[in-house]
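Since every read-out is calculated from the coordinates, none of them should be taken as a lab result. These figures come from a predicted structure and were not determined experimentally. Here the Cβ is made from the backbone with ideal geometry for all residues, glycine too, and neighbour counts use every protein chain on show.
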Amino acid sequence: MKLTDAEAHWLSGGEGKAQQLAMRLVVAAAEASGALELVPIDFAHINSCHYSGKLSLDFAEFLLAEGAQLSVPTHTNASLVDRATPGLRPEEDFPEEVAGALRLMDIYEQLGCTPMWSCAPYQQSEGRPGLGQQIVGSESNAVGFFNSVLGARTNKYGDLLDISAAIVGRVPLVGLHTAEGRLATHLFELQLPDETLTDPRLPHVLGLILGRGADTAVPVIVGLPAAEEDDLKAMAAAAATAGAVEMFHVVGITPEAPTLDDATGGRVPELTTLVDARLVSSTLGSLSTIAAGPVSAVCLGTPHFSIAEFGELVRTLGQAHTHPSVTVIVTTSRSVWAEVQLRGWNTLLGAAGIEVVLDTCTYYLPRSTGVTGTVMTNSAKWAYYAPGMLQVDVVFASLVDCVASAVAGKIRLSDEVGA
């Protein structure tokens with residue numbers, strides 16, 4: 001590897017043990033990936049701040065004790081806990097996890113991270129990098145959104161490596177940090193009727209199709225006429241959930257794919273997948289484990305709910321109140337919640353029996369209070385993970401159907417996609 005004098009100085013321990021350990025991890029990642037040099041970054045969104053056991057806490061304690069300094073603006077991913085809603089994962093029930101998560105949150109704030117505690121940092125201006133910027137992303141949907149929707153450049157960085165990169169301000173120049181690595185090699189051609197193309201569940205389903213079909217490749221979609229940012233957010237989340245997709249192109253929509261040739265670099269894709277109504281329908285069906293019966297909970301906000309999604313929820317809900325037997329939880333970020341409060345929607349949601357939780361998510365273990373039995377969600381990511389992680393039955397549906405079911409206390413479903 002080629003290191004600058006400054007990088008070699010850090011690696012030798014010239015700036016202390018924390019800087020040295022961070023540099024050792026970044027260099028090891030570069031060597032493992034075949035990178036020949038490092039590239040400076042402008043921003044980091046890290047998951048090391050999410051408590052996943054004693055190792056994550058010990059590492060953070062070491063950084064703090066050794067006076068680690070961040071080189072770039074660094075924002076925190078969602079935590080295991082929400083300080084404002086301690087009943088979601090009570091400390092008396094999960095003492096080690098909750099205490100560890102709270103301590104970890106304190107440490108990363110002391111290190112100088114912006115306490116965003118959100119898996120969707122791109123929903124506010126300070127967490128929104130621009131086209132061509134070299135950055136660090138860690139949470140899977142955020143990595144996909146940064147690369148695909150904003151055109152920033154990041155590979156997916158795991159815990160410990162993400163904060164190490166933020167400390168040294170460098171990452172290996174490889175993969176999606178390079179122009180070549182961002183070119184699409186797998187074409188997904190949509191041949192779908194209009195009613196399917198406008199179904200709000202389609203972006204989630206497309207994400208699963210991308211993840212299962214492309215795995216680690218960069219896919220490109222042709223035939224999708226329009227998509228809002230929340231659609232692309234859902235797609236990024238599902239694609240990283242069902243596979244390892246860190247970037248995708250949508251011709252005519254995402255910034256690096258005004259044409260198919262732009263997305264592929266003028267090359268013929270190595271693989272082509274036809275996405276027709278049958279594939280969409282079968283993929284949709286795989287997201288639900290039950291089709292009828294009472295509903296115990298409705299979980300929304302995976303990834304964190306946006307202002308637009310809250311607006312849709314308020315309009316859909318109207319003057320209705322959720323059924324007393326149904327727990328309805330929406331997870332979101334602090335910044336989005338502040339805007340919800342300014343608009344007065346918090347009062348409407350509270351009166352309807354809807355709980356809004358910040359800083360965390362409801363599909364994480366330990367299981368959130370009230371999330372049991374049969375759970376409805378409008379998130380493919382939540383529906384994909386929860387049956388195995390939480391041992392619940394799941395129904396994936398549109399927001400309209402989730403609200404109708406929450407009000408009725410039992411599953412209410414409209415027609416299947418494309419029907």
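Structure notes:
- Dipole magnitude of region 90-208, debye to nearest 20 (Cβ charges: Lys/Arg +1, Asp/Glu -1, about Cα centre): 780 debye
- The relative contact order of region 297-408 comes to 34 percent, based on Cα pairs under 8 Å that sit 6 or more residues apart.
- Under-5 Å amide H pairs with THR273, H placed in peptide plane, nonlocal only: LEU187, PHE188, GLU189
- Leading residue at positive end of dipole, region 226-271 (Cβ point charges), from ALA238, VAL268, ALA227: VAL268
- Label-to-label distance, SER325 versus ALA244, with points set 7 angstrom from Cα along the beta-carbon direction: 4.5 nm.
- Extending 7 Å from the Cα toward the beta-carbon at both LYS410 and ALA338 defines two label points whose distance is 4.5 nm.
- Vicinal HN-Hα couplings computed from phi for region 347-354 (Karplus, 6.51 cos²θ - 1.76 cosθ + 1.60; Hz; Gly/Pro x): 5, 5, 5, x, 5, 7, x, 9
- Mean Cα-pair separation over length for region 144-253, i.e. relative contact order, pairs under 8 Å, 6 or more apart, %: 33 percent
- Estimated FRET transfer efficiency when R0 is 41 angstrom, pair LEU3-ARG278 (beta carbons, to 0.05): 0.20
- Amide proton proximity set for HIS249, modelled H, under 5 Å, gap of 5+: VAL220, ILE221
- Remark: relative contact order (the chain) = 16 percent; criterion is Cα-Cα distance under 8 angstrom and separation of 6 or more residues.
- Phi-derived couplings, Karplus 6.51 cos²θ - 1.76 cosθ + 1.60 at θ = phi - 60°, listed residue by residue for region 77-92: 6, 4, 8, 6, 10, 10, 4, 7, 10, x, x, 5, 9, x, 5, 5 Hz, with x used for Gly and Pro.
- At R0 = 30 Å, FRET efficiency that the Cβ-Cβ distance of GLU31 and GLU109 yields, to 0.05: 0.40
- Note on region 258-291 and region 169-221: Cα centroid distance 8 Å, given to the nearest whole angstrom.
- Take every DSSP beta bridge whose two residues both sit in the chain; close to 10 percent of them are antiparallel.
- THR114 long-range amide H proximity, modeled H, under 5 Å: THR74, HIS75, THR76
- About the centre of its Cα atoms, region 183-285 shows a dipole size close to 320 debye [charges on the beta carbon of Lys, Arg (+1) and Asp, Glu (-1) only; nearest 20 debye].
- Between THR178 and GLN391, the contour length at 0.36 nm per residue exceeds the Cα-Cα span by 72.6 nm.
- Loop-located GluC sites (Glu not before Pro) in region 85-128 (DSSP state other than H, G, I, E, B) with a sparse environment of at most 13 neighbouring Cβ atoms within 10 Å: GLU92.
- Converting phi to 3J(HN,Hα) with the Karplus coefficients 6.51, -1.76 and 1.60 and the offset θ = phi - 60°, region 116-125 yields 7, 6, 9, 7, 10, x, 5, 7, 10, 4 Hz in sequence order, with x at every glycine or proline.
- Remark: spin-label model distance ASP261-THR347 equals 5.8 nm, labels positioned 7 Å along the Cα→Cβ axis.
- Packing-based ranking, highest mean first, of 74-87, 309-322, 326-339 given that Cβ atoms within 10 Å are counted: 326-339, 74-87, 309-322
- FRET efficiency, 1/(1 + (r/R0)^6) with R0 30 Å, evaluated for GLU228 and LEU64 via beta carbons: 0.15
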